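The next block holds one structure in the form of structure tokens; read it before the comments.
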Amino acid sequence: SLASSAITCFTRGLDLRKGTEDVLCPANCPLWQFYVFGDGVYASLSSVCGAAIHSGVITNAGGAVRVQTLPGQENYPAVNANGIQSQVLSRWASSFSVTAGAKNTALEAVGRSVSTARPSTGKRPKKTLDKKAGNKDCKADIAFLIDGSYNIGQRRFNLQKNFVGKVAVMLGIGTEGPHVGVVQASEHPKIEFYLKNFTAAKEVLFAIKELGFRGGNSNTGKALKHTAQKFFSLENGARKGIPKIIVVFLDGWPSDDLEEAGIVAREFGVNVFIVSVAKPTTEELGMVQDVGFVDKAVCRSNGFFSYQMPTWFGTTKYVKPLVQKLCSHEQMLCSKTCYNSVNIGFLIDGSSSVGESNFRLVLEFVSNVAKAFEISDIGSKVAAVQFTYDQRTEFSFTDYATKEKVLSAIRNIRYMSGGTATGDAISFTTRNVFGPVKDGPNKNFLIILTDGQSYDDVRGPAAAAQKAGITVFSVGVAWAPLDDLKDMASEPRESHTFFTREFTGLEQMVPDIIRGICKDFLDSKQ
């Protein structure tokens, strides 16, 4: 697209689709309404136009902004700048930065289309096409994290390169097959090449042969964390819905700690394998910081993700079993993250005390929570039920398989108006909405939004929902009694109960609800 796309004051980083996107911010956005997290690098939960004003790229008169997607990070700071107070966020899964928008987009686009549109002669023999596609049955985006430390030394480093080359060839790299990249771990990690750089085994082999030995301590933990955070971005060639894998090669033992890196990798949905060569002998074990380093770092310590070779010599027979592991995508247990493996049901109070305009604010809150998740037929799912004395399923988990369709269905919910029977509504939702998915792979969450006292008992139905494996968050507004909210919420009740006096306060709860869901998801996987 040549033109920048116009966005609203409230469009957030995570609403944008591309790695780099040119957008136009409107004029006169109300500054006090902006939600911005961070400074310079902003959590993707932030308003794009708010971040652009905060960082001084545009003023409140609006204008063109270029948005660049970045990996998630920890500790986004709160900074007051240009009339906007940004907020602290302890961690988020993706970020963005903003720069002044492109004036010459037309030229760039022309240059790009010329270089990629190679004329097709149509004479290619069929066979090379299949070879180009690669092994379609092996779905994987793989980073080989090779050991470049003094532990391994130049000679064994070359043997390691040969082995990685053989694995790469046998994988069947191709446009529709596995894609690979290489990172070298030593004192400091170095990404040698990314997934997007090569899609043919020949090119990958050549790139591996050219790798130079770096030397230094084997800071494998540092390299693993760096790779999990930086390597698998969409702009570096990671593909949606394809398992992300890091194969760590370790000669001897690491100089640093792997535990934190393992946690980060799991949080980012990355499957870590460790190939250990020349394991520490009994005498050497005293020098190892943490004897259980393999189990701390791998995706799961079930034996599947660790692989041992006695030495770097005669390793050919180890190639095929490793390739078979890397290609068995149903075993990639860590591909599931809170963003792509949850069902979130919203139970929305439609009673007459809410009123039409507040009801819109409730729907806005529902959209903002739903937006953070990767909704698809193989990913997360969203459903909504509205209740008064009566219940109405607005849409079920299986109705919509894309985020766009879910968000438009939320926008189209009509306000019912009536009484408040929250207990009945919880029972109805447990049975009719969660019933059909209770044996599915996703973890189930129910978010109850209510603004008043229920006419019936809420404690029994909420306990039954929790017994059916549903984690309940209760969100109360205005006259909702705190006792009811706590009675409905899952344990620990404090972190599953939310309350605000005004409907406008709902928006501030969005990050906490999303974080709560992710925390529960991770805790359930341990």
Subset of region 133-151 (residues that are more than 27 Å from the chain's Cα centre (by Cα) and either closer than 23 Å to Cys334 by Cβ or β-branched (Val, Ile, Thr) (or both)): Asp147
Subset of region 470-479 [surrounded by 14 or more Cβ atoms within 10 Å (Cβ to Cβ) and farther than 24 Å from Asn340 by Cβ]: Ser474, Gly476, Val477, Ala478
Test for Glu21: is it open to solvent by less than 30 Å² (accessible area, probe 1.4 Å), at pLDDT 85 or above and either within 21 Å of the chain's Cα centre (by Cα) or assigned by the TED database to the domain that holds Ala265 (or both): yes
Residue in region 412-430 that is open to solvent by less than 50 Å² (accessible area, probe 1.4 Å), within 20 Å of Asp15 (Cα to Cα) and free of Cβ contacts under 8 Å to residues at least 60 places away in the same chain present: no
Among the residues listed as Phe445, Phe499, Phe503, the single one being of a type in the set (Phe, Trp, Tyr) and in contact with a Leu (Cβ under 6 Å, 6 or more places away or on another chain): Phe503
Which numbered condition Ala6 fails, given (1) surrounded by fewer than 17 Cβ atoms within 10 Å (Cβ to Cβ); (2) of a type outside the set (Asp, Glu); (3) over 30 Å from Ile263 (Cβ atoms); (4) in contact (Cβ under 8 Å) with a residue 60 or more places away in the chain: (4)
Count - residues of region 431-460 that are crowded, with 24+ Cβ neighbours inside 10 Å and in a helix (DSSP H, G or I): 1
Top-ranked residue in region 480-526 [being open to solvent by 30 Å² or more (accessible area, probe 1.4 Å) and of a type in the set (Ser, Thr, Tyr); ranked as farthest from the chain's Cα centre (by Cα)]: Thr504
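Results for (1) among the aromatic types (Phe, Trp, Tyr); (2) under 22 Å from Gly165 (Cβ atoms); (3) in contact with a Ser or Thr (Cβ under 8 Å, 6 or more places away or on another chain), shown as yes or no for each residue.
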position: Ala200; (1), (2), (3): no, yes, no
position: Gly212; (1), (2), (3): no, yes, no
position: Asn217; (1), (2), (3): no, no, yes
position: Lys225; (1), (2), (3): no, no, no
position: Gly237; (1), (2), (3): no, yes, no
position: Pro254; (1), (2), (3): no, no, yes
position: Ser276; (1), (2), (3): no, yes, yes
Matching strands (runs of 3 or more DSSP E) fully within region 306-410 where at least 3 residues are at pLDDT 95 or above and either hydrophobic (A, V, I, L, M, F, W, C) or open to solvent by less than 10 Å² (accessible area, probe 1.4 Å) (or both): 342-349, 381-387
Some residue of region 161-179 being surrounded by fewer than 23 Cβ atoms within 10 Å (Cβ to Cβ) and out of contact with any helix residue (DSSP H, G or I) (no Cβ under 8 Å at 6 or more places or on another chain): yes
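Considering only region 238-248, state which residues are touching a strand residue (DSSP E or B) at 6+ places or on another chain (Cβ under 8 Å) and either open to solvent by 20 Å² or more (accessible area, probe 1.4 Å) or at pLDDT 95 or above (or both). Break it down stepwise before answering.
The first filter runs over region 238-248 and keeps only residues touching a strand residue (DSSP E or B) at 6+ places or on another chain (Cβ under 8 Å), leaving 238-239, 242-248.
Matches in region 238-248: Arg239, Ile242, Lys244, Ile245, Ile246, Val247, Val248.
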Filter result for Ser353 (under 30 Å from Phe445 (Cβ atoms), in the same structural domain as Ser276 (by the TED database) and out of contact with any Ser or Thr (no Cβ under 6 Å at 6 or more places or on another chain)): no
Tabulated pairs, region 161-172, first part of a helix (DSSP H, G or I), second open to solvent by 20 Å² or more (accessible area, probe 1.4 Å), C-beta under 6 angstrom, 6+ apart or interchain: Gly165/Leu205; Val169/Ala201
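Let me confirm something: among Gly469, Gly460, which residue is in contact with a strand residue (DSSP E or B) (Cβ under 8 Å, 6 or more places away or on another chain) and over 22 Å from Leu361 (Cβ atoms)? Don't jump to the end; show me each part of the working.
Values: Gly460 fails: in contact with a strand residue (DSSP E or B) (Cβ under 8 Å, 6 or more places away or on another chain).
Being in contact with a strand residue (DSSP E or B) (Cβ under 8 Å, 6 or more places away or on another chain) and over 22 Å from Leu361 (Cβ atoms) holds for just one of Gly469, Gly460, which is Gly469.
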Options Val36, Val57, Val98: the member that is in contact with a Ser or Thr (Cβ under 7 Å, 6 or more places away or on another chain), open to solvent by 10 Å² or more (accessible area, probe 1.4 Å), within 15 Å of Gly13 (Cα to Cα) and of a type outside the set (Asp, Glu): Val98
Entirely in region 54-147, the strands (runs of 3 or more DSSP E) that have 1 or more residues that are modelled with pLDDT of 50 or more and under 16 Å from Thr20 (Cβ atoms): 63-76, 89-100
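Restricting to region 202-218, name every residue that is open to solvent by 30 Å² or more (accessible area, probe 1.4 Å) and in contact with a helix residue (DSSP H, G or I) (Cβ under 6 Å, 6 or more places away or on another chain). Even if it seems obvious, please write down each step before you answer.
We begin by selecting, within region 202-218, every residue open to solvent by 30 Å² or more (accessible area, probe 1.4 Å); these are 202-203, 205-206, 209-210, 212-214, 217.
Of everything in region 202-218, those that are open to solvent by 30 Å² or more (accessible area, probe 1.4 Å) and in contact with a helix residue (DSSP H, G or I) (Cβ under 6 Å, 6 or more places away or on another chain) turn out to be Leu205, Phe213.
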Hits in region 202-240 (condition: of a type in the set (Gly, Ala, Ser), more than 25 Å from Phe268 (Cβ to Cβ) and without any contact (Cβ under 8 Å) to a residue 40 or more places away in the chain): Gly212
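The values are calculated or read from the model by the stated rules, or taken from the named source; none is laboratory data. Quick caveat: nothing in here was measured; it's all calculated off a predicted structure. Every residue, glycine as well, gets a Cβ built from its backbone with ideal geometry; the counts of neighbours run over all protein chains shown. SASA here: full protein model, heavy atoms, side chains in, ligands and nucleic acids out. Shrake-Rupley method; radii C 1.70, N 1.55, O 1.52, S 1.80 Å.
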